[in-house]
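**Q** Just dropping this structure here.
The values are calculated or read from the model by the stated rules, or taken from the named source; none is laboratory data. As the structure is a computational prediction, the values presented were derived from the model and not from experiment. Methodologically, a virtual Cβ is constructed for each residue, glycine included, from the backbone with ideal geometry; neighbour enumeration extends over all protein chains shown. These accessible areas exclude ligands, DNA and RNA; they are computed on the full protein's heavy atoms, side chains included. Shrake-Rupley method; radii C 1.70, N 1.55, O 1.52, S 1.80 Å.
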Amino acid sequence: MAASVRSKKSKAKKAFAERKVEVVRATRETHIRVMLNLDGRGRAKVNTGIPFLDHMLSAFAKHGLFDLELKAAGDLHIDIHHTNEDVGIAMGQAFSKALGDKKSIRRFGFFYVPLGDALTRVVVDISGRPYFNLKKPDGELRFTTGYDLPEAVHMLESFVQHAGIDTHIQIISGHDGHHVMETIFKAFGRATSMAVERLTRISDIPSTKGTL
Ligand SMILES: [Mn+2]
């Protein structure tokens with residue numbers, strides 16, 4: 001690799017410190033601990049007590065190149081609602097904390113991910129003004145895991161509300177619920193990874209307002 005490319009890369013590496021945070025959220029219903037590194041390698045250790053959610057958050061971290069350690073203990077004897085929601089809130093709080101003043105970030109991100117019959121597009125803006133929209137084609141999506149689209153939507157909505165991310169998810173095609181879910185979480189991982197990446201050419205906060 002040419003010396004100039006190496007020096008550019010190490011300059012970028014030196015220019016930015018790693019964004020590593022820990023968030024602990026405890027209520028009467030759940031106890032959640034999140035360790036997040038936005039500038040990681042995609043290593044994930046997730047245990048929420050909801051196996052399919054563990055699978056999805058691991059895919060999100062892997063394809064977002066985020067290092068994520070998450071342990072949740074919640075009142076699952078009632079149902080998954082509190083744990084699912086609070087995992088989203090704690091993830092959003094960790095993202096917001098790790099992003100800090102958002103200096104030098106690319107801010108916008110988008111990605112398409114296919115998986116067999118499924119295809120999803122995710123577009124995000126780390127604007128500080130949360131918004132969530134998910135569109136899906138007509139027709140039934142078959143889920144077999146007990147973690148259906150409404151649960152995923154609720155978790156992701158809680159996440160982006162607390163992270164301050166304007167998020168648009170469009171499921172373009174797909175019938176197999178497992179495939180569709182994977183495309184959602186992988187595309188969300190890639191799109192947010194793109195948006196949080198810092199560029200040395202952006203020396204301030206990427207907004208004409210000067211704040212996000
Ligand atoms: Mn899978």
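**Q** So which residues in the stretch 60-92 are of a type in the set (A, V, I, L, M, F, W, C), surrounded by fewer than 23 Cβ atoms within 10 Å (Cβ to Cβ) and within 16 Å of the ligand (Cβ to nearest atom), if there are any at all?
**A** Once the filter is applied, which keeps residues that are of a type in the set (A, V, I, L, M, F, W, C), surrounded by fewer than 23 Cβ atoms within 10 Å (Cβ to Cβ) and within 16 Å of the ligand (Cβ to nearest atom), the stretch 60-92 yields nothing.
**Q** Does the stretch 46-59 hold any residues that are outside any helix (DSSP H, G or I) and either open to solvent by 10 Å² or more (accessible area, probe 1.4 Å) or of a type outside the set (S, T, N, Q) (or both), and which are they? Working first, answer last.
**A** From the stretch 46-59, those outside any helix (DSSP H, G or I) are 46-50; that's our starting set.
Answer for the stretch 46-59, where residues must be outside any helix (DSSP H, G or I) and either open to solvent by 10 Å² or more (accessible area, probe 1.4 Å) or of a type outside the set (S, T, N, Q) (or both): VAL46, ASN47, GLY49, ILE50.
**Q** Out of the residues in the stretch 93-115 that are open to solvent by less than 30 Å² (accessible area, probe 1.4 Å) and charged (D, E, K, R), which is farthest from GLY177 (Cα to Cα)?
**A** Within the stretch 93-115, the match that is farthest from GLY177 (Cα to Cα) is LYS102.
**Q** Output yes when any residue across the stretch 178-195 is in contact with a Leu (Cβ under 6 Å, 6 or more places away or on another chain) and more than 20 Å from ALA61 (Cα to Cα), and no when none is.
**A** No, every residue in the stretch 178-195 fails to be in contact with a Leu (Cβ under 6 Å, 6 or more places away or on another chain) and more than 20 Å from ALA61 (Cα to Cα).
**Q** Consider the stretch 165-193. How many of its residues are in contact with a Gly (Cβ under 8 Å, 6 or more places away or on another chain), open to solvent by 10 Å² or more (accessible area, probe 1.4 Å) and over 21 Å from THR145 (Cα atoms)?
**A** 2
**Q** Okay, next question. Give the residue, chosen from VAL196, VAL153, that is buried (at least 20 other Cβ atoms within 10 Å of the Cβ) and within 13 Å of the chain's Cα centre (by Cα).
**A** Residue meeting the stated conditions: VAL196.
**Q** Of all the residues that make up the stretch 14-42, how many are in a loop (DSSP other than H, G, I, E, B) and more than 13 Å from GLY64 (Cβ to Cβ)?
**A** 6
**Q** If the requirement is being within 16 Å of the ligand (Cβ to nearest atom) and outside any loop (DSSP other than H, G, I, E, B), which of these qualifies: ALA195, ALA187? Quick ask: steps written out before the conclusion?
**A** On the way: ALA195 fails: within 16 Å of the ligand (Cβ to nearest atom).
Just one listed residue meets the conditions, ALA187.
**Q** Out of PHE95, PHE132, PHE111, PHE159, which single residue is under 28 Å from ASP75 (Cα atoms) and in a strand (DSSP E or B)?
**A** One residue alone meets the criteria, PHE132.
**Q** Among the hydroxyl-bearing types (Ser, Thr, Tyr) and not in a strand (DSSP E or B): is that true of TYR147 in this structure?
**A** Values: among the hydroxyl-bearing types (Ser, Thr, Tyr): yes; not in a strand (DSSP E or B): yes.
So TYR147 passes the test.
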